Amino acid sequence: MAGVDTVLIVILALLGLFLVVAALGAVVATRRNRAGAASFSESLTAVDRQLAAATATDHGWERTTLDAAARAAFAEHRPGTELEQLELIQIVDEPGTDSDLAVFRATAAGASTQMTLGRRSGSWYPKAIVDER
């Protein structure tokens, strides 16, 4: 009987050790996945911005004209506020030019503003401006 009790104790100890190792492995994997998800999200955001910029360039949209229109729209929306950063985040290129849209994110004084510019008769105008929180 004493031999059976010893074997049972060894088996239970090994099973307990296996469960502890599995739990620690799960914790490590979860932390690694969270860190990887943040990095992946940042990478995806950068790629989206690059794609938007490339689309603007490929379709013959003059980037300096777009930026100037976005800066003017921001200055009109928030007069006297110095623009810190301007990012082109989306392009919508529908057939014809009057349906084209360019979406920018402007950062100033710790706040973000999303600006959608539309195009009419070849000129860009502010179609929608929303302060983000």
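Just so it is clear, none of the values below were taken in a lab; they were calculated from the coordinates. Just so you know, these numbers come straight off a predicted model, no measurement behind them. Don't worry about glycine lacking a Cβ; one is built from the backbone with ideal geometry, like all the others, and counts go over all protein chains shown.
Please give the helix 63-77 orientation as an angle from the longest Cα principal axis of the chain, in degrees from 0 to 90, rounded to the nearest 10.
The angle comes out near 90 degrees.
Return the label of the correct value of Rg and Dmax of the Cα atoms in Å, as calculated from the structure shown, out of (i) 15.0, 53; (ii) 27.6, 95; (iii) 23.1, 68.
Label (ii) holds the value from this structure.
Rounded to the nearest 20 debye, what is the charge dipole size of segment 49-133 about its Cα centre when +1 sits on each Lys and Arg Cβ and -1 on each Asp and Glu Cβ?
Working: 9 positive and 13 negative charges, 28 e Å.
Here segment 49-133 has a charge dipole of around 140 debye.
Roughly how tilted is helix 2-58, in degrees to the nearest 10 and between 0 and 90, from the longest Cα axis of the chain?
With rounding to tens, the tilt is 10 degrees.
Would you mind ranking F40, F74 so that the residue whose beta carbon has the fewest other beta carbons within 10 Å leads the list? Provide the component values of the computation, followed by the final result.
Numbers: F40 11, F74 20.
In order of increasing Cβ crowding within 10 Å: F40, F74.
Kirkwood Rh over alpha-carbon pairs of segment 1-42, then Stokes-Einstein at 4 °C and 1.567 mPa s: what D in µm² s⁻¹, rounded to an integer? All intermediate terms of the calculation are to be shown ahead of the outcome.
On the way: Rh = 12.7 Å.
Stokes-Einstein gives a translational diffusion coefficient of 102 µm²/s.
Can you tell me, using C-alpha contacts under 8 Å and at least 6 residues apart, the relative contact order of segment 1-129 as a whole percent? Kindly include the intermediate steps, with their values, before the conclusion.
Working: 139 pairs, mean separation 21.1, N = 129.
It rounds to 16 percent for segment 1-129.
Which translational diffusion coefficient, to the nearest whole µm²/s, is obtained for segment 61-132 from the Stokes-Einstein equation, given a Kirkwood hydrodynamic radius over C-alpha pairs, 10 °C and 1.306 mPa s?
It diffuses with D of about 131 µm²/s by this estimate.
Loop only per DSSP, at most 13 neighbouring Cβ atoms within 10 Å: give me the GluC sites (Glu not before Pro) in segment 57-127, ordered by residue number.
Filter output for segment 57-127: E62, E82, E84.
What is the gain in length, in nm to one decimal, between E82 and D98 on full extension, counting 0.36 nm per residue of separation less the C-alpha to C-alpha distance? Walk me through the numbers on the way to the answer.
On the way: separation 16, 0.36 × 16 = 5.76 nm, distance 3.00 nm.
Stretched out fully, the E82 to D98 stretch lengthens by 2.8 nm.
If you take the beta carbon distance between I9 and A29 as r and set R0 to 35 Å, what does 1/(1 + (r/R0)^6) give as a FRET efficiency, to the nearest 0.05? Intermediate values should be presented prior to the final figure.
Numbers: r = 30 Å, r/R0 = 0.87.
Taking R0 as 35 Å, the efficiency between I9 and A29 is 0.70.
Give me the number: length gained by fully extending T64 to L44, i.e. 0.36 nm times residue separation minus the C-alpha to C-alpha distance, one decimal in nm. Mind showing how you got there, number by number?
Values: separation 20, 0.36 × 20 = 7.20 nm, distance 2.48 nm.
So the extension gain works out to 4.7 nm.
Taking 7 Å along the Cα-to-C-beta vector as the label spot, tell me the F18-Y125 distance in nanometres, rounded to one decimal.
With each label point 7 Å from Cα toward Cβ, the separation is 7.2 nm.
Using just the helices of the chain, give the 222 nm mean residue ellipticity in deg cm²/dmol: DSSP H runs with n ≥ 4 each add -39,500 (n - 2.57), and the total is spread over all residues, rounded to 500. Walk me through the numbers on the way to the answer.
Numbers: 2 runs with 72 residues, N = 133.
When only DSSP H runs of four or more count, the value is -20000 deg cm²/dmol.
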